[in-house]
Amino acid sequence: MVLQLGGWARRYNVIFLNVHAPSEEKYDDSKDSFLEELEQFSDHFPQHHMKILLVDFNAKLGSEDIFKPTIWNESIHYVSNGNGVRIVNFTTSKDLVIKEHDGPEPRHS
């Protein structure tokens, strides 16, 4: 789903993109295809538009030191899963910020 806000009187448009990624159990090919399509779709809009991706990446982002520049201390997990590593690599290459949901969920591995 895409929601685009803005118009001729605004300096920029805000685009919300809401998608759901393949689960951890899916083949790597389908996960790679998903990220390629997400990238192509995001690149479709002008660079000066603000793009907010609301994505369920089916990822666990752990608190490993290597990911701290990307996710800071925001993780509720101790260890990342494959989808977590995949999305950190994707967002780092696109200069994006990751924010996990703010819920009362307890920290777990």
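Each row is one residue, and each column tells you yes or no for (1) at pLDDT 85 or above; (2) of a type in the set (A, V, I, L, M, F, W, C).
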residue: A21; (1), (2): yes, yes
residue: D28; (1), (2): yes, no
residue: S33; (1), (2): yes, no
residue: K51; (1), (2): no, no
residue: A59; (1), (2): no, yes
residue: P69; (1), (2): no, no
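Residues are listed down the side, and each one gets a yes or a no for (1) surrounded by 16 or more Cβ atoms within 10 Å (Cβ to Cβ); (2) assigned to a helix (DSSP H, G or I); (3) among the hydrophobic types (A, V, I, L, M, F, W, C):
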residue	(1), (2), (3)
K31	yes, yes, no
F34	yes, yes, yes
Q40	no, yes, no
P46	no, no, no
I52	no, no, yes
N58	yes, no, no
G62	yes, no, no
K68	no, yes, no
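Sub-6 Å Cβ pairs linking a first residue in the range 74-92 that is surrounded by 18 or more Cβ atoms within 10 Å (Cβ to Cβ) to a second residue that is of a type in the set (G, A, S), at least 6 apart or interchain, are S75/G62; S75/S63; H77/G62; S80/G62; N83/A59; G84/A59; I87/A59, ordered by first then second residue.
Filtering the range 77-109 to residues that are assigned to a loop (DSSP other than H, G, I, E, B), of a type outside the set (D, E, K, R) and at pLDDT below 75 leaves L96, V97, I98, H101, G103, P104, P106, S109.
Which one is surrounded by the fewest Cβ atoms within 10 Å (Cβ to Cβ) among residues in the range 1-19 that are of a type in the set (A, V, I, L, M) and at pLDDT below 80? Only one residue tops the list, namely A9.
The values are calculated or read from the model by the stated rules, or taken from the named source; none is laboratory data. Keep in mind that what you see is a predicted model, and the values were worked out from it rather than measured. We place every Cβ from the backbone using ideal geometry, glycine too, and count neighbours over all the protein chains shown.
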